[in-house]
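Here the structure comes first, spelled out in structure tokens, and everything after it is commentary.
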Amino acid sequence: MRIGLDFDNTLADFGGLLRAVILERTGVDVRAIREAHPDAHDIEAFVREAVGGDRLDELIAEILRSDHSAEMEARPEAIAVARRLAATHDLVVITARSERESVTPRRWLQRHGIAVSDFVAADYAPKAPHALALGLAAHLDDSA
């Protein structure tokens, strides 16, 4: 069976790295913002206000286009689950990233011993057409 996996925030903890970079570069503690707004489903607006929208976009772009992605921690149990799936299934990674931004995630997968048959950079377009074209039975992702 062919199974698709997302990269950012599914296999690797992009959010954790972003929080660390924001704290290091701007002094803004995203966890404190989350604690101050416990009922907010999406705290991005609060973070954008605290950091500055343009500055936040710059930090995200820096992470995506640099070797910072190699520093990301794995999501809890993600490596173990991916390896178990790879033992009996054909894994495909479909990421929203552009091709240019996908070099480091490919190295991350190799470093963690996660074997994939295909790696698709959707270039911020919907992933579903790629999943259908690749004949995936399922796709695991942190977003719809």
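At a glance:
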{"item": "Residue identified as open to solvent by less than 30 Å² (accessible area, probe 1.4 Å), modelled with pLDDT of 95 or more and either among the hydrophobic types (A, V, I, L, M, F, W, C) or farther than 29 Å from residue 116 by Cβ (or both) among 74, 82", "result": "82"}
{"item": "Considering residues of the range 101-116 that are charged (D, E, K, R) and crowded, with 16+ Cβ neighbours inside 10 Å only, the residue nearest to residue 74 (Cα to Cα)", "result": "106"}
{"item": "Enumeration of residues in the range 97-133 that are of a type in the set (A, V, I, L, M, F, W, C) and either touching a residue at least 40 places away in the same chain (Cβ under 8 Å) or not in a loop (DSSP other than H, G, I, E, B) (or both)", "result": "103, 108, 109, 114, 116, 119, 120, 121, 128, 131, 132, 133"}
{"item": "Selected residue (criterion: surrounded by the fewest Cβ atoms within 10 Å (Cβ to Cβ)) from residues of the range 1-36 that are without any contact (Cβ under 8 Å) to a residue 24 or more places away in the chain, within 22 Å of residue 54 (Cα to Cα) and not charged (D, E, K, R)", "result": "27"}
{"item": "Residue 136 vs. criteria in a loop (DSSP other than H, G, I, E, B) and buried (at least 19 other Cβ atoms within 10 Å of the Cβ)", "result": "yes"}
{"item": "The range 39-54 - residue that is at pLDDT 90 or above and more than 19 Å from residue 16 (Cβ to Cβ) and, of those, most open to solvent (accessible area, probe 1.4 Å)", "result": "49"}
{"item": "Residue tally, condition open to solvent by less than 10 Å² (accessible area, probe 1.4 Å) and over 16 Å from residue 129 (Cα atoms), over the range 86-100", "result": "1"}
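The values are calculated or read from the model by the stated rules, or taken from the named source; none is laboratory data. Quantities reported herein were computed from a predicted structural model and do not represent experimental measurements. Positions of Cβ are generated from backbone atoms using ideal geometry, with glycine treated the same way; all protein chains shown enter the neighbour counts. Quick note on the areas: whole protein, heavy atoms, side chains included, nothing else; ligands and nucleic acids left out. Shrake-Rupley method; radii C 1.70, N 1.55, O 1.52, S 1.80 Å.
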